[in-house]
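Let me begin by presenting the structure, written as structure tokens, before commenting on it.
The values are calculated or read from the model by the stated rules, or taken from the named source; none is laboratory data. None of these values were measured; they are calculated from a predicted model. Backbone-built Cβ (ideal geometry, glycine too); neighbour counts: all protein chains shown.
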Amino acid sequence: MPINIDDFDKSGPTISPELQGLRKQLREKNGQLQSATEEQARLQQLVTDTEGRLGSLKSELDQQSNKVRGWKIGAGVLAGALVLCLVLFIPAQQQVEPLKQQVAQLQQQVAQLQQEGQQQQQQVKQQRDQVEQQRQQVEQLRKLEPRAEIEKIWTDHNVTRGEDKGMLIHTKFKISNLQGVRFQAIACFFQDNAAEEPLKTSADGFQTSDQHLCVWDYFTPEYQFSGYDDLTLFLPYRAINLGGSGKWELKYYVTIRRADQPSQELAQSDWERFQLTQ
């Protein structure tokens with residue numbers, strides 16, 4: 001701001017020659033100071049504007065600094081992690097070689113076990129082949145083995161043969177490897193109760209040596225594999241002696257046996273049940 005010369009003159013009664021010269025110079029430049037004051041105001045406004053811009057730049061700088069600080073922290077963490085990895089890696093690296101040796105040993109053991117497994121598989125295959133050969137041999141022997149099989153039996157009642165009325169027993173069976181051998185088909189009769197008591201009779205031709213009721217017939221197979229669809233046995237009712245009147249629950253089965261070896265049965269049927277009223 002311009003200096004007021006009048007105020008300057010009131011500063012004291014005694015003025016030195018130097019101050020007098022200065023006062024002269026100040027008067028001459030008083031006008032210049034007025035212009036400078038205006039220029040100073042303009043510059044002050046410019047400074048204010050500049051400070052505002054500097055504030056904005058400082059805020060941006062702070063933000064960038066925060067980012068840089070975060071990067072530094074991240075870099076520090078990363079560096080720490082790398083150091084930790086190195087700390088862990090070095091001992092682990094020292095343990096790798098023994099582990100490699102152990103792996104190599106295990107691989108050798110696995111290879112040995114695989115070889116042994118292959119040998120065992122070959123042995124198993126040989127044993128299976130032997131078992132299959134034996135099975136085939138057994139099958140061939142079974143085909144040649146004498147045998148018979150009764151498939152089913154059934155009964156027709158009130159059938160008349162000559163002067164006798166009775167029951168006609170039907171048997172379907174097959175017989176193998178016994179061509180030319182004489183056989184007997186025999187039906188044996190029992191009471192259908194818990195005791196399964198054999199029926200007895202005094203009728204000639206329908207009893208065993210101990211008078212058990214039965215009926216039989218003989219046959220001789222002509223072929224190695226022979227089948228009989230309906231071999232029949234007739235039992236007259238007069239041969240059944242139940243010892244009283246009433247309704248009786250009875251049953252029988254059929255067996256196939258060699259005529260020359262009656263104790264050896266080749267096949268026996270299931271029970272066939274029937275009722276008889278006398």
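Below is a table of values for the structure above.
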| item | result |
| --- | --- |
| Ala195 vs. criteria over 26 Å from Glu149 (Cβ atoms), assigned to a loop (DSSP other than H, G, I, E, B) and over 55 Å from the mean Cα position of the chain (by Cα) | no |
| Output for region 156-176, where each listed residue is surrounded by 16 or more Cβ atoms within 10 Å (Cβ to Cβ) and of a type outside the set (A, V, I, L, M, F, W, C) | Gly166, His170, Thr171, Lys172, Lys174, Ser176 |
| Odd one out for Cys214, checked against (1) of a type outside the set (Ser, Thr, Tyr); (2) free of Cβ contacts under 8 Å to residues at least 12 places away in the same chain; (3) part of a strand (DSSP E or B) | (2) |
| Selection status of Val131, over 30 Å from Ala185 (Cα atoms) and either charged (D, E, K, R) or part of a helix (DSSP H, G or I) (or both) | yes |
| Checking Ile150 against (1) under 30 Å from Leu276 (Cα atoms); (2) hydrophobic (A, V, I, L, M, F, W, C); (3) over 47 Å from the mean Cα position of the chain (by Cα), the condition it does not meet | (3) |
| Tabulated pairs, region 112-141, first in contact (Cβ under 8 Å) with a residue 24 or more places away in the chain, second among the polar types (S, T, N, Q) and surrounded by 10 or more Cβ atoms within 10 Å (Cβ to Cβ), C-beta under 7 angstrom, 6+ apart or interchain | none |
| Which numbered condition Leu178 misses (of (1) closer than 24 Å to Thr220 by Cα; (2) assigned to a strand (DSSP E or B); (3) of a type outside the set (Ser, Thr, Tyr)) | (2) |
| Residue that is surrounded by the fewest Cβ atoms within 10 Å (Cβ to Cβ), among those in region 264-278 that are farther than 24 Å from Leu242 by Cβ and either in contact with a Lys or Arg (Cβ under 8 Å, 6 or more places away or on another chain) or of a type in the set (D, E, K, R) (or both) | Gln264 |
| Lone unmet requirement of (1) surrounded by 13 or more Cβ atoms within 10 Å (Cβ to Cβ); (2) not in a loop (DSSP other than H, G, I, E, B) for Lys125 | (1) |
| All positions within region 245-277 that are assigned to a loop (DSSP other than H, G, I, E, B) and on the phi < 0 side of the Ramachandran plot | Ser245, Ala259, Asp260, Gln261, Pro262, Ser263, Gln264, Ser269, Asp270, Trp271 |
| Whichever residue in region 241-265 is at pLDDT below 95 and of a type in the set (A, V, I, L, M, F, W, C) and, among such residues, is nearest to Thr155 (Cα to Cα) | Trp248 |
